[in-house]
Amino acid sequence: MKLYFYTKTGCPLCDKGLDVTKGLQEKYSFEIIERDIYSNDEWLELYQIRIPVVEDENGNVLEEGIISSSSLENKINERV
């Protein structure tokens, strides 16, 4: 499974969210693909005030803003 993590440089909330997401890799097998919203106009338009955003490979947003470990884990668990 792949999870897309939408972020931008210099975003402390994104750093914390990425740490939470990476922490769940110890329990579940998935790849994290980081996407800088400033590298793609579509991502910037969609996510500029919502980051960080965690999305599955089908385009479903699993978490955004303050990433909750328990909430994200529940959503990952539904997909494995």
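Determine which member of the set Lys75, Lys22 is of a type in the set (D, E, K, R), in contact with a Leu (Cβ under 8 Å, 6 or more places away or on another chain) and without any contact (Cβ under 8 Å) to a residue 24 or more places away in the chain.
None of the others qualify; the one that does is Lys75.
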Legend entry - Scope the stretch 3-28; condition open to solvent by 60 Å² or more (accessible area, probe 1.4 Å), over 16 Å from Asn74 (Cα atoms) and out of contact with any Cys (no Cβ under 7 Å at 6 or more places or on another chain); matching residues: Thr9, Gly10, Pro12, Leu13, Asp15, Lys16, Asp19
Legend entry - Breaking point among (1) free of Cβ contacts under 8 Å to residues at least 12 places away in the same chain; (2) open to solvent by 80 Å² or more (accessible area, probe 1.4 Å), for Glu31: (1)
Inset, instruction - Answer yes if at least one residue in the stretch 35-50 is surrounded by 13 or more Cβ atoms within 10 Å (Cβ to Cβ), within 14 Å of Asp15 (Cα to Cα) and of a type in the set (Lys, Arg), and no otherwise. - result: yes
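So that you can scan it fast, the table gives a plain yes or no per residue for (1) polar (S, T, N, Q); (2) at pLDDT 95 or above:
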position: Lys8; (1), (2): no, yes
position: Gly23; (1), (2): no, yes
position: Glu26; (1), (2): no, no
position: Ser39; (1), (2): yes, yes
position: Glu42; (1), (2): no, yes
position: Ser71; (1), (2): yes, yes
Legend entry - Single condition Ile67 does not satisfy, out of (1) within 13 Å of Lys2 (Cα to Cα); (2) among the hydrophobic types (A, V, I, L, M, F, W, C); (3) at pLDDT 95 or above: (1)
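The values are calculated or read from the model by the stated rules, or taken from the named source; none is laboratory data. In this text the structure is predicted, and so the values were computed from the model without any measurement. No Cβ is skipped: glycine too gets one built from the backbone with ideal geometry, and neighbour counts run over all protein chains shown. The protein model used for the area step is the full one, side chains on, heavy atoms only, and it has no ligands, DNA or RNA in it. Shrake-Rupley method; radii C 1.70, N 1.55, O 1.52, S 1.80 Å.
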